[in-house]
Amino acid sequence: MWDYSFEVPVLMILSIILVFFFSRPRLPIRRNRIFLLMILVETLTIISDVLATTADINYATLPIVLVKILNFFYFAAFFVRSYVMYLFAACVLKDKLEKNTVLRQFIRLPMYFGVIMALHSMIFGSERSSTFIYYINETGYHNGHMYNLLYICGLYYVLLSFISLYLFRNSLGKRREKYSMLLYNLTLLAALVVRFALPKMLIMDTFIFMAILIVFLAFENPEFFLDLKGSTFNAYALGERLEEDLEDQNTVRFSPFGVVVHNYRDMRDLYGYTHMETGLVLISRYLRQFFPEGNVFYYRNGRFVILDQTASDHENISREIHERFKKPWKSHGTELYLSVGVARFETIRPLHSPQIILRTLVRALDNVGESGQEMFVTEAELQQTEKETAVRASLEAALEDKTLDLFLQPIVDTTTGKVAGAEALSRIRDAEGRIIPPGVFIPVAENSGRINELGELVFEKTCAFIRDHDIEKHGIEWINVNLSPAQFVRTDLAERYSSIVEKYGIDPGTVHLEITEGSMIDDSFLQKQMRTMNAKGFKFVLDDYGTGYSNLARLKTCPFINVKLDMSIVWDYCKEPDGILPVMVQAFKQMGFCVTAEGVEDANMVELMKSIGCDFLQGYHYSKPLPEKEFSEKYTSA
Ligand code: C2E
Ligand code: MG
Ligand code: MG
């Protein structure tokens with residue numbers, strides 16, 4: 001006798017998941033649709049299983065046609081469910097095989113075949129034959145010879161799901177997601193084994209339910225996609241939706257629309273985090289009304305992005321939004337006065353990747369967030385992002401293969417007229433081997449968190465250069481290496497750099513570290529860091545003096561050995577000499593710093609800089625930065 005007591009609680013809990021799912025905003029993406037389909041098919045399978053089993057038990061009192069039909073529904077649902085369970089895995093894994101139209105039909109074949117066989121059994125299955133899944137006659141329900149097709153089909157889809165996981169595992173970012181998918185597949189396999197071992201227990205659905213619960217907890221909880229107390233979708237949802245929208249190459253209209261709170265960080269500090277959050281919820285509700293067919297996403301830091309495939313009059317909407325922001329955002333004790341920036345997009349054809357579009361969007365929003373203006377984003381901005389992305393790829397390749405080029409520019413001592421040192425400057429190359437200047441790749445390295453690695457690599461290459469060339473013999477006492485602010489704030493900087501100089505067996509005093517005023521954020525930290533580094537034998541040079549706040553009093557307390565005047569003030573002085581720069585140079589010298597002038601391009605500039613007391617000069621007049629080999633041939637041989 002069949003026992004279906006397990007089915008009822010499963011059905012009840014499934015309905016809870018379903019109600020929860022519908023009670024939250026749902027992102028209209030394929031994965032969510034398939035998840036709903038999965039719950040629906042499972043519910044139908046359970047219901048048809050219970051009905052068919054009841055009919056099989058009471059076959060004597062029921063019309064045979066009804067028993068046959070109910071069994072058909074169950075078997076058909078079984079085959080479809082096997083496929084849908086796989087389909088969900090394929091969708092989460094962004095399985096490319098499933099997207100190929102020919103392959104997709106091939107993948108679906110066992111499901112179609114199973115449903116047809118179930119249909120065939122329903123119509124013709126009245127007596128024992130070799131071609132039926134089941135047959136029903138006056139003695140009731142019987143398994144047919146092809147009953148095992150159920151298991152074969154089930155196994156086929158579980159196997160496909162395992163293959164999909166293996167092939168596309170990298171599309172799952174987190175390890176937890178990979179394990180969840182593995183567990184999902186194993187549970188589906190266990191479901192089949194249990195059904196095979198205990199066909200009369202009807203316990204398979206408990207296992208299928210477990211599998212559904214696993215993916216619900218790992219991927220499908222609607223909260224994963226929400227922000228601002230559930231009033232908008234979040235940044236993660238934006239990425240998913242964008243990716244899916246762009247997949248369809250025939251998308252004719254695609255114009256994101258961005259709204260950002262002007263000076264968000266200042267406003268948040270002014271009003272406090274909680275009030276600001278309430279204000280943002282109000283703004284998101286307000287924005288939703290303009291885009292009934294689209295979705296509003298909150299991309300952190302006061303930035304909203306709206307995706308709407310239906311044509312909308314963005315210009316008018318923008319005007320209305322600006323009008324609305326003239327009034328305060330009010331809710332129980334909260335009253336916020338905010339202003340707004342808007343980024344409208346030209347219609348984008350899906351030629352760019354979702355990442356490029358997203359980055360362009362965020363950059364545009366940050367621009368208007370700062371200016372509080374409106375911006376119309378065109379293809380040119382997207383091209384700009386493409387360029388930056390190419391630079392990022394070149395940078396990553398250079399760091400990966402350590403193929404960064406070291407260039408050296410000589411620095412001349414004004415008293416002897418000879419090269420006394422050099423500055424190490426890095427260069428990377430693009431895919432065609434052309435040089436990318438640091439002005440382009442340093443900001444990219446800083447924004448992508450790779451600046452530490454890059455800085456260390458340049459430092460290490462400089463140490464190797466010093467070890468391999470007898471620089472002192474040729475009068476070169478030191479080589480300056482630039483240290484970016486992000487590196488300077490590392491608390492383990494002293495240890496790391498010490499271990500590198502030790503590795504190359506060189507004196508730390510021969511590599512001078514150049515920092516800009518931008519690194520001097522916190523006085524006490526700055527001094528502590530400089531002293532720790534000093535204790536290890538490192539020396540500091542202040543770079544680009546004259547481009548920041550240039551607080552002389554503050555410099556007095558910092559143990560720099562040298563101040564480099566930025567080329568902008570050097571050029572200004574050389575164009576129109578005044579009394580300020582000479583006084584400044586004298587002040588530095590009184591504080592015990594040497595002074596270097598950067599950007600010295602001709603003999604006249606050399607004379608002027610010498611006359612005001614500069615100790616060292618660096619510039620094209622002497623030499624441009626040279627590849628290390630050329631530099632060594634010119635300055636450290638013979
Ligand atoms: P910087 O440290 O102030 O380096 C001096 C820059 O001025 C170099 O530009 C050099 O080529 C340029 N220069 C020197 N003399 C002249 C001259 O007479 N005329 C003109 N027009 N320019 C001159 P470069 O190599 O393009 O580097 C730009 C900036 O990029 C550097 O400014 C530095 O801040 C940064 N940088 C370069 N390499 C690295 C690095 O490895 N790490 C870090 N953190 N920053 C680096
Ligand atoms: Mg420098
Ligand atoms: Mg400089």
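The values are calculated or read from the model by the stated rules, or taken from the named source; none is laboratory data. Just so you know, these numbers come straight off a predicted model, no measurement behind them. Heads up, the Cβs are rebuilt from the backbone with ideal geometry, glycines too, and the neighbour counts pull from every protein chain shown. Only protein heavy atoms, including side chains, enter the accessible area calculation; ligands, DNA and RNA are left aside. Shrake-Rupley method; radii C 1.70, N 1.55, O 1.52, S 1.80 Å.
For segment 37-123, relative contact order (Cα pairs under 8 Å, six or more residues apart, normalised by length) works out to 35 percent.
The 1.4 Å probe gives accessible areas that order 240, 502, largest first, as 502, 240.
When both segment 88-162 and segment 368-435 are represented by their alpha-carbon centers, they are found 59 Å apart. Rounded to whole numbers, the Karplus 3J(HN,Hα) couplings from phi for segment 84-89 are 5, 4, 5, 4, 5, 4 Hz, using 6.51 cos²θ - 1.76 cosθ + 1.60 with θ = phi - 60°, and x at Gly and Pro. Rounded if a/c is under 1.5, else prolate if a/b is larger than b/c, else oblate: which is segment 4-86, with a ≥ b ≥ c the root eigenvalues of its Cα gyration tensor? Prolate, because a/c is 1.5 or more and a/b exceeds b/c. Surface exposure of the chain, expressed per residue as accessible area with a 1.4 Å probe, stands at 47 Å².
If you average the sequence gap of Cα pairs under 8 Å that are 6 or more apart and divide by the length of segment 113-230, what percent do you get for the contact order? That works out to 15 percent.
A dipole drawn for segment 388-633 from +1 and -1 charges on Cβ atoms has a positive end, and of 469, 437, 605 the residue lying farthest that way is 469. When all protein chains stay in place, what accessible area (Å², nearest 10, 1.4 Å probe) is found for residue 490? Approximately 60 Å² for this residue. Relative to the compact-globule estimate of 2.2 N^0.38 Å, the Cα radius of gyration of segment 388-633 comes out at 0.99.
Taking all protein chains together and a 1.4 Å probe, the residues 134, 141 rank 141, 134 from largest to smallest accessible area. Spatial offset of segment 598-612 relative to segment 1-80 amounts to 87 Å, using the alpha carbon center of each. Summarising the strand pairing of the chain, around 55 percent of its internal DSSP beta bridges are antiparallel. The portion of the accessible surface of the chain made up by carbon and sulfur, rounded to a whole percent, is 58 (1.4 Å probe; DNA, RNA and ligands excluded). Relative contact order for segment 307-384 using alpha-carbon pairs under 8 Å, separation at least 6, rounded to a whole percent? Relative contact order here is 29 percent. The charge dipole of segment 476-618, taken about the Cα centre with unit charges on the Cβ atoms of Lys, Arg (+1) and Asp, Glu (-1), comes to about 620 debye, rounded to the nearest 20. Put 179, 184 in order of accessible area, highest first, and with a 1.4 Å probe you get 179, 184. Of the peptides 421-427, 512-518, the order by per-residue mean of other Cβ atoms within 10 Å, starting with the highest, comes out as 421-427, 512-518.
Rounded, prolate or oblate for segment 3-142? Axes are the square roots of the Cα gyration tensor eigenvalues, ordered a ≥ b ≥ c, and the cut-off for rounded is a/c under 1.5. It is oblate, given that a/c is not under 1.5 and a/b is not larger than b/c. Rounded to the nearest 20, the size of the Cβ-charge dipole of the chain about its Cα centre is 1840 debye, with Lys and Arg at +1 and Asp and Glu at -1.
For segment 190-306, dividing the convex hull volume of the Cα atoms by the residue count gives 160 Å³ per residue.
Rg over Rh for segment 252-381 works out to 0.96, both radii taken from alpha-carbon positions and Rh defined as the Kirkwood radius. Which entries in 461/539; 418/629; 96/174; 589/610; 473/634; 589/624 show an alpha-carbon gap greater than 25 Å? Where the Cα-Cα span goes over 25 Å, the pairs concerned are 589/624.
Is the shape of the chain best called rounded, prolate or oblate, per the rule: a/c under 1.5 gives rounded, else a/b larger than b/c gives prolate, else oblate, with a ≥ b ≥ c the square roots of the Cα gyration tensor eigenvalues? Since a/c reaches 1.5 and a/b is larger than b/c, the shape of the chain is classed as prolate.
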